[in-house]
Amino acid sequence: MKVKLKDVFLFKDLCDDTISQIEEITTPLKLSKDNILFYEGDESNYLYVLTKGIIKLYKTASNDKEIVMKYFHQNELIAEVANFDNIPYPATAQCFTDSELLRIDFEKLKEIIYSDPELSFVIQTSLIKKIRNLEKLVSLHVVLDSKERIAKYLCDHTEDFFNTKNIIIAEILNISPETLSRILRVFKNEGLIDSKAKTIDKEKLESFFS
């Protein structure tokens, strides 16, 4: 467990003593595709860290239509603002793929945060990063066109790309599978994606959206 905690960006620079304290209040979870992690309105008693897979966060409209708010990827905190605001989870979290997570007792984690200034600072930095990511998310779906959106996804989630079906990636990016396949074919023909080596040319792809 200690190794997994050290792999999380939030805890990677903490001392072993603090890591051991967090380890005692952490439970590893393995969930299958479509499993619900929590429902909208559930009490936010736990802080969840996604270590593998993709989690979909969504709300349900009055006509029962899903409104997707965000897709979480590896090494992300899930809806942690609810924990810090002490409010129920504002949306439902569902496994978009088979997923692995760390479930941390948040009340006990707060005690550790209060006694560890370094962890407190890291938490603040994480929340600021979350705001920036939200700004990027708005840009991704409002400003960027399909090719730019795909290029950015490839740069931000390279490992997920090579381990996720195209139809799932298309849904995440809110584009048709046909559009995704066509643009990926162009990128491969231009040498920007090497499927065999599972590598991408980030420098050239970044030129599409930077």
task = Evaluate the stretch 86-103: report whether one residue or more is surrounded by 19 or more Cβ atoms within 10 Å (Cβ to Cβ), under 14 Å from Asp42 (Cα atoms), at pLDDT 90 or above and of a type in the set (S, T, N, Q).
result = yes
inquiry  = Given the criteria part of a helix (DSSP H, G or I), without any contact (Cβ under 8 Å) to a residue 12 or more places away in the chain and under 29 Å from Ile67 (Cα atoms), does Glu203 qualify?
reply    = no
query = In the stretch 167-180, is there at least one residue being open to solvent by 40 Å² or more (accessible area, probe 1.4 Å), modelled with pLDDT of 90 or more and not in a helix (DSSP H, G or I)?
reply = yes
inquiry  = What are the pairs with Cβ atoms under 9 angstrom where one residue, in the stretch 1-18, is part of a helix (DSSP H, G or I) and modelled with pLDDT under 85 and the other, located anywhere, is exposed (fewer than 14 other Cβ atoms within 10 Å of the Cβ) and not small (Gly, Ala, Ser)? Sequence gap at least six, or different chains.
reply    = Lys2/Asp16; Lys4/Pro28; Leu5/Lys12; Lys6/Lys12
key: Subset of the stretch 50-74 (residues that are at pLDDT below 90, open to solvent by less than 80 Å² (accessible area, probe 1.4 Å) and β-branched (Val, Ile, Thr))   = Thr60, Val68
request  = Considering each residue of the stretch 176-205, count those that are among the small types (Gly, Ala, Ser) and more than 17 Å from Asp160 (Cβ to Cβ), and give that number.
outcome  = 3
query = Do we find that Glu43 is out of contact with any Cys (no Cβ under 7 Å at 6 or more places or on another chain), more than 23 Å from Pro177 (Cα to Cα), of a type in the set (Asp, Glu) and modelled with pLDDT under 90 in this structure?
reply = no
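The values are calculated or read from the model by the stated rules, or taken from the named source; none is laboratory data. Keep in mind that this is a model prediction, so the values were computed, not measured. All Cβ positions, glycine included, derive from the backbone under ideal geometry; neighbour counts span all protein chains shown. For accessibility, only protein heavy atoms count, side chains too; no ligands or nucleic acids. Shrake-Rupley method; radii C 1.70, N 1.55, O 1.52, S 1.80 Å.
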